[in-house]
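K.L.:
Starting off with a structure, shown below.
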Amino acid sequence: MKPTQTEITSNLLADALKYCDREGIHETPLPGLKVVRREKTTEASPGMYESIVCLVLQGEKKVWSGKKIYRYDPENYLVSCIDNPATVQVVKASAKQPFVGLTLELQPSVVYDILQETSPTEVQNDQPGGGFFVEKVTVELAGAFARLMKTLENKNDLKVLAPSIVREIHYHLMSSRYGMKVRQLGVVGSKTQKIGKVVEHLRRDYAEPLSVASLARMANMSPSAFHLHFRQVTSMSPLQYQKQIRLQEARRILSLESTDAASVAFKVGYESPSQFSREYRRLFGQPPMRDLDRLRMTVPSQD
């Protein structure tokens, strides 16, 4: 008899635990594949998702992006098709049964290669907006991840077998109900690729003044079309996206450097320290320096 999805997930969990003996985000011998472990539930906090697929082996997580909420657990995986600021919360975890998950980076070059070798797939009319989607875990997808984890135990297997299994995982994602969103990663000139180019610019030059007209030219779209497509892909406006990037970078700087909130506000592109403090409090729940005190009191995880 073939193993069930529950049996596959149980074996996957045992293999994943070999690479995460403590809390944090842990690298594996395969670049792009990471194991995440959390031993307690967390408060909802802002974070950043890159283009990845997230497979939960134990526990549950919740993600807010724009006005949408995504929950994923051992029965449902999450895919992020573009770099997305989001609010994240681990809602099911404990020391005895920690949250454990796998994340695998999506590779546009792999998607492109698969598209060149397969017939066009009929477009579904129920493709969700935004850069995320959640879908049911299949036996085929779980089995591919299980075989991928096994290749980590042998250097030759890792070198020879892992690339084909990574490709298989991409194929399963592309063949899912919302696979069109993944396929867009490999389509030259697609809406996702065009917006992705702008997102990369915003993440790199977040402190620069935002001009929708110049961003639209970068995406080779009219300003109205650009604004519409940007919101469809990211679930937020360009200004909201830039604001989240600025505030997350400000928090990072505050946690690493001995400086004051006003200096950081100017450094990340704000002209008004008071506006910076208001928006910082709205996103993180407390004013900058009070939030910094809370961060310093928290034992850092091994991320």
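The values are calculated or read from the model by the stated rules, or taken from the named source; none is laboratory data. Nothing here was measured: the structure is a model prediction, and the numbers come from that model. Neighbour counts run over all protein chains shown; Cβ positions are idealised from the backbone, glycine included. Surface accessibility is based on the protein's heavy atoms, side chains included, excluding ligands, DNA and RNA. Shrake-Rupley method; radii C 1.70, N 1.55, O 1.52, S 1.80 Å.
K.L.:
Restricting the search to region 71-106, which residues are among the hydroxyl-bearing types (Ser, Thr, Tyr) and either at pLDDT below 95 or buried (at least 17 other Cβ atoms within 10 Å of the Cβ) (or both)? Give the steps one after another, and end with the answer.
P.N.:
At the first step, the residues of region 71-106 found to be among the hydroxyl-bearing types (Ser, Thr, Tyr) are 72, 77, 80, 87, 94, 103.
Result: 72, 77, 80, 87, 103.
K.L.:
Among the residues of region 133-150, are any under 26 Å from residue 70 (Cα atoms), in contact with a Phe, Trp or Tyr (Cβ under 8 Å, 6 or more places away or on another chain), among the aromatic types (Phe, Trp, Tyr) and open to solvent by less than 20 Å² (accessible area, probe 1.4 Å)?
P.N.:
Yes, because at least one residue in region 133-150 is under 26 Å from residue 70 (Cα atoms), in contact with a Phe, Trp or Tyr (Cβ under 8 Å, 6 or more places away or on another chain), among the aromatic types (Phe, Trp, Tyr) and open to solvent by less than 20 Å² (accessible area, probe 1.4 Å).
K.L.:
Look at region 17-30 and say how many of its residues are touching a residue at least 60 places away in the same chain (Cβ under 8 Å), assigned to a loop (DSSP other than H, G, I, E, B) and not hydrophobic (A, V, I, L, M, F, W, C).
P.N.:
Residues flagged as touching a residue at least 60 places away in the same chain (Cβ under 8 Å), assigned to a loop (DSSP other than H, G, I, E, B) and not hydrophobic (A, V, I, L, M, F, W, C) within region 17-30 amount to 4.
K.L.:
Name the helices (runs of 4 or more DSSP H) wholly inside region 192-301 in which the number of residues that are hydroxyl-bearing (Ser, Thr, Tyr) is 3 or more.
P.N.:
Details: elements: 212-218, 223-234, 238-256, 261-267, 273-284, 288-297.
Where helices (runs of 4 or more DSSP H) fall fully within region 192-301 and carry at least 3 residues being hydroxyl-bearing (Ser, Thr, Tyr), they are 273-284.
Listed here are the residues, each with its yes/no results for (1) open to solvent by 50 Å² or more (accessible area, probe 1.4 Å); (2) not aromatic (Phe, Trp, Tyr).
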residue: 4; (1), (2): yes, yes
residue: 8; (1), (2): no, yes
residue: 32; (1), (2): no, yes
residue: 49; (1), (2): no, no
residue: 69; (1), (2): yes, yes
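K.L.:
Does residue 60 fit the bill of being open to solvent by 50 Å² or more (accessible area, probe 1.4 Å) and out of contact with any Gly (no Cβ under 7 Å at 6 or more places or on another chain)?
P.N.:
On the way: open to solvent by 50 Å² or more (accessible area, probe 1.4 Å): no; out of contact with any Gly (no Cβ under 7 Å at 6 or more places or on another chain): yes.
Considered against the rule, which asks whether it is open to solvent by 50 Å² or more (accessible area, probe 1.4 Å) and out of contact with any Gly (no Cβ under 7 Å at 6 or more places or on another chain), residue 60 comes out as no.
K.L.:
Would region 155-170 turn up any residue that is touching a residue at least 12 places away in the same chain (Cβ under 8 Å) and of a type in the set (S, T, N, Q)?
P.N.:
no
K.L.:
Can you tell me which residue is modelled with the lowest pLDDT among those in region 161-191 that are part of a helix (DSSP H, G or I), farther than 14 Å from residue 31 by Cα and of a type in the set (Val, Ile, Thr)?
P.N.:
182
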